[in-house]
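Q: The following block contains the structure, expressed as structure tokens.
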Amino acid sequence: MIASTKSAPIRVGITGVGSCVPDTVMTNDDIAERLQTNHEWIVERTGIHQRHVAGPGVAASDLSVPAAELALKRAGLAASDIDLIIVATITPDMPFPATASVVADRIGAGKVAAYDLQAGCTGFVYALTQAYSTIVAGLAARILVVGVDLLTNYVDWEDRGTCILFGDGAGAAIVEEVPAGGFLSFELGNDGAGVEDLYVPAGGTRQPASEATVAANDHTMRMNGRQVFKFATRVMVTSAQSALDAAGFEAADVDLYVPHQANKRIIDHAVKVLGIPEEKVVVNVDRFGNTSAASIPICLDEMAEAGQLTDGVRVLMTGVGTGLTWGSALIDWSGGVNGGASA
Ligand code: UT7
């Protein structure tokens, strides 16, 4: 799926962003106390120094609500101004109902439409695309998009190849009509042949939870790390380039690139091939690890805080994740009020 927004009847952008991560920080040394690994290996292979961990009793909605409230505040809106909530997550509060329903109730959004969207680490970009399309079609005016994941609940803490990678967090964005600029293009894709490269075997209808699935540890993540690494380095480049091509721009036209924060080596490879200089690339994987659907909106929140989302800034985002999915969105922030930077 690929499209430019050139011929759209209105401009649609992001007018506020927010994020929330749990207070508890787990360092590489903390993990090395329990497993055969070490800080140096983790930093060299991933760029990760630490991650935030929610811990028992904290669910996806608990992080989503503060992130959403901050995004609303920065957009100058009340929860009652929202008419649709999309929560991108693979780690919902419960198998059903949607975490979006919980968020809608807790922020006081009233009886708005609300649903979850599952596209792994690409979920936030998929959700932005849905929000954009829904507004352009005239079905909604203001949409709250949340990307949230607490994958530390799904990692096998005995598996040093996966547990070092993930952290918990939530990020949110308000999508609405803007006077100028806004989203310029989108590109989304998926290769279902890679389902078993990154998945949780049990807990769904294929293998419902049972004593046997628990005994087999089948409720934890399985990942073919090398395969996912190869996939991610390839599609991060092709997806970003496709979104640029669709909008008629080149890598040199990008002011800030926000890649999914999975592994610093994946990011380094992609930006080198794309030809985007390091100073334009947003990286926080060192502090948060891979927060899945929250990774890009947490970056956006930090960029807003740092005053980087000013008028005329062209931002390219690319997500890659389980599915295996990928997606990019190119946005011109000039129509998006202030991205929350001055709130
Ligand atoms: O959103 C997408 C989510 N997933 C990803 O982004 C994962 C993408 N993949 C990766 O980031 C990398 O494949 C990993 C970081 C997971 C692994 O790095 P790698 O350079 O591909 O290592 P490897 O799997 O090829 O393993 C090399 C060695 C192995 O030892 P042997 O077989 O050579 O003796 C592993 O057992 O490193 C070992 N190893 C570790 N050693 C110390 C694996 N994990 C660790 C560890 N500490 N944590």
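Q: Considering only residues that are over 14 Å from Val155 (Cα atoms) and of a type in the set (Asp, Glu), look in region 196-223 and name the one that is farthest from the ligand (Cβ to nearest atom).
A: Going through the qualifying residues, I end up with Glu211.
Q: Hey, another quick one. Report yes if Arg142 is farther than 23 Å from Trp326 by Cα and either modelled with pLDDT under 95 or surrounded by 17 or more Cβ atoms within 10 Å (Cβ to Cβ) (or both), otherwise no. Steps first, please.
A: On the way: farther than 23 Å from Trp326 by Cα: yes; either modelled with pLDDT under 95 or surrounded by 17 or more Cβ atoms within 10 Å (Cβ to Cβ) (or both): yes.
Considered against the rule, which asks whether it is farther than 23 Å from Trp326 by Cα and either modelled with pLDDT under 95 or surrounded by 17 or more Cβ atoms within 10 Å (Cβ to Cβ) (or both), Arg142 comes out as yes.
Q: Hey, another quick one. Take Val195 and decide whether it is among the aliphatic types (A, V, I, L, M) and not in a loop (DSSP other than H, G, I, E, B).
A: On the way: among the aliphatic types (A, V, I, L, M): yes; not in a loop (DSSP other than H, G, I, E, B): yes.
For Val195, the condition - among the aliphatic types (A, V, I, L, M) and not in a loop (DSSP other than H, G, I, E, B) - is met.
Q: Any residue in region 25-32 that is more than 16 Å from the ligand (Cβ to nearest atom), in contact with a strand residue (DSSP E or B) (Cβ under 8 Å, 6 or more places away or on another chain) and either open to solvent by 40 Å² or more (accessible area, probe 1.4 Å) or touching a residue at least 40 places away in the same chain (Cβ under 8 Å) (or both)?
A: Yes; the residues of region 25-32 include at least one that is more than 16 Å from the ligand (Cβ to nearest atom), in contact with a strand residue (DSSP E or B) (Cβ under 8 Å, 6 or more places away or on another chain) and either open to solvent by 40 Å² or more (accessible area, probe 1.4 Å) or touching a residue at least 40 places away in the same chain (Cβ under 8 Å) (or both).
Q: Let me ask something else. Does Pro22 count as in contact with an Asp or Glu (Cβ under 7 Å, 6 or more places away or on another chain) and either free of Cβ contacts under 8 Å to residues at least 40 places away in the same chain or acidic (Asp, Glu) (or both)?
A: Working: in contact with an Asp or Glu (Cβ under 7 Å, 6 or more places away or on another chain): yes; either free of Cβ contacts under 8 Å to residues at least 40 places away in the same chain or acidic (Asp, Glu) (or both): no.
Criteria not met by Pro22.
Q: Yes or no: region 86-105 includes at least one residue that is touching a residue at least 60 places away in the same chain (Cβ under 8 Å), away from the ligand (no atom under 16 Å from the Cβ), among the hydrophobic types (A, V, I, L, M, F, W, C) and within 30 Å of Asp311 (Cβ to Cβ). Walk me through how you get there before you give the answer.
A: Our first condition is that a residue be touching a residue at least 60 places away in the same chain (Cβ under 8 Å); within region 86-105, this holds for 86-91, 95.
Now restrict to residues that are away from the ligand (no atom under 16 Å from the Cβ): 86-87, 95.
Now restrict to residues that are among the hydrophobic types (A, V, I, L, M, F, W, C): 86-87.
Next cut, within 30 Å of Asp311 (Cβ to Cβ) only: 86-87.
Within region 86-105 (the criterion being touching a residue at least 60 places away in the same chain (Cβ under 8 Å), away from the ligand (no atom under 16 Å from the Cβ), among the hydrophobic types (A, V, I, L, M, F, W, C) and within 30 Å of Asp311 (Cβ to Cβ)), the answer is yes, since at least one residue qualifies.
Q: Let me ask you something else. Residues of region 35-61 being within 30 Å of Ala109 (Cβ to Cβ) and either open to solvent by 50 Å² or more (accessible area, probe 1.4 Å) or of a type in the set (A, V, I, L, M, F, W, C) (or both), which ones?
A: Val53, Ala54, Pro56, Gly57, Val58, Ala59, Ala60
Q: When region 188-221 is examined, which residues are found to be touching a residue at least 12 places away in the same chain (Cβ under 8 Å) and in contact with an Asp or Glu (Cβ under 9 Å, 6 or more places away or on another chain)?
A: Within region 188-221, Val200, Pro201, Ala202, Gly203, Asn217, Thr220, Met221 qualify.
Q: So, of the residues in region 167-187 that are farther than 13 Å from Ala8 by Cβ and either open to solvent by 10 Å² or more (accessible area, probe 1.4 Å) or free of Cβ contacts under 8 Å to residues at least 40 places away in the same chain (or both), which turns out to be farthest from the ligand (Cβ to nearest atom)? Can you show your working first?
A: From region 167-187, those farther than 13 Å from Ala8 by Cβ are 167-176, 179, 187; that's our starting set.
Going one step further and asking which of them are either open to solvent by 10 Å² or more (accessible area, probe 1.4 Å) or free of Cβ contacts under 8 Å to residues at least 40 places away in the same chain (or both), we end up with 176, 179, 187.
Numbers: Glu176: 29, Pro179: 35, Glu187: 18 Å.
Restricting to residues being farther than 13 Å from Ala8 by Cβ and either open to solvent by 10 Å² or more (accessible area, probe 1.4 Å) or free of Cβ contacts under 8 Å to residues at least 40 places away in the same chain (or both), the top hit is Pro179.
Q: Can you tell me which residues in region 62-100 are hydroxyl-bearing (Ser, Thr, Tyr) and open to solvent by less than 50 Å² (accessible area, probe 1.4 Å)?
A: Quick first cut of region 62-100, residues hydroxyl-bearing (Ser, Thr, Tyr) only: 64, 80, 89, 91, 99.
The answer is Ser64, Thr89, Thr91, Thr99.
Q: Across region 229-254, what is the number of residues that are surrounded by 23 or more Cβ atoms within 10 Å (Cβ to Cβ) and closer than 20 Å to Ala294 by Cα?
A: Residues that pass the stated criteria total 5.
The values are calculated or read from the model by the stated rules, or taken from the named source; none is laboratory data. None of these values were measured; they are calculated from a predicted model. Counting neighbours? That spans all protein chains shown, and the Cβs are built from the backbone with ideal geometry, glycine included. Ligands, DNA and RNA are stripped out before the accessible areas are found, and what is left, the full protein with its side chains, is counted by its heavy atoms. Shrake-Rupley method; radii C 1.70, N 1.55, O 1.52, S 1.80 Å.
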